[in-house]
1. Which of Lys39, Lys33 has the fewest other C-beta atoms within 10 Å, and how do the rest follow up to the most?
2. How compact is the range 32-133 by the rule of thumb for globular proteins, expressed as Cα Rg over 2.2 N^0.38 Å?
3. Based on Cβ point charges of +1 for Lys and Arg and -1 for Asp and Glu, what charge dipole magnitude is obtained for the range 32-133 about its Cα centre, in debye rounded to the nearest 20?
4. Just give me a number: lysine pairs in the range 32-133, eight or more positions apart or cross-chain, with C-alpha atoms less than 27 Å apart.
5. Hey, what did the range 32-133 get for relative contact order, percent, Cα under 8 Å, at least 6 apart?
6. What full-extension length gain, to one decimal in nm, is calculated for Ala57 and Gln87 as 0.36 nm per residue of separation minus the Cα-Cα distance?
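What follows draws every value from the coordinates through simple rules; no lab data is involved. As the structure is a computational prediction, the values presented were derived from the model and not from experiment. All Cβ positions, glycine included, derive from the backbone under ideal geometry; neighbour counts span all protein chains shown.
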Amino acid sequence: MLKTSIIAATVAVLALGAAAYAQNPPVSPSPIKRTPIGKTEVPGGQYEVMSAVVEIAPGFKAGRHFHPGTVQVQMLDGEFWLALDGQPEKTYKAGEAFEVPSKAIHNEGSVGDKPAKFIAVYIVEKGQPLVTPVK
């Protein structure tokens, strides 16, 4: 009886997982390409500095999220849309720079017909996920 219940529960979990996957399959290829440039720990601190070249596919919006530290951005190409909660939306172009404050909830993406490409420097808490989604 117990063995039958365990098998039935396992089948139910697998079926629910397959149904969820079918409704929300991973996007391939990813609309965000992050190529790491470097990573270093801040001596004597709880932070690390990571840098990357980031490319966001045209028209893609990331959804509301935050980073566990400050992000400094230098635009290289395309147009980048940023919507920080409580502030007016802004669009940045090649040659412009901006900063996203630590743990600021925001949405971001690429506008126009070509990818937004930029260098991002993340000054973040060690051991934390680089991006945390927010509902």
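1. Lys39, Lys33
2. Details: Rg = 13.2 Å, N = 102, 2.2 N^0.38 = 12.8 Å.
My calculation over the Cα atoms of the range 32-133 gives 1.03.
3. Working: 11 positive and 12 negative charges, 38 e Å.
With Lys and Arg at +1 and Asp and Glu at -1, about 180 debye.
4. 27
5. 38 percent.
6. Working: separation 30, 0.36 × 30 = 10.80 nm, distance 2.42 nm.
Between Ala57 and Gln87, full extension yields an extra 8.4 nm.
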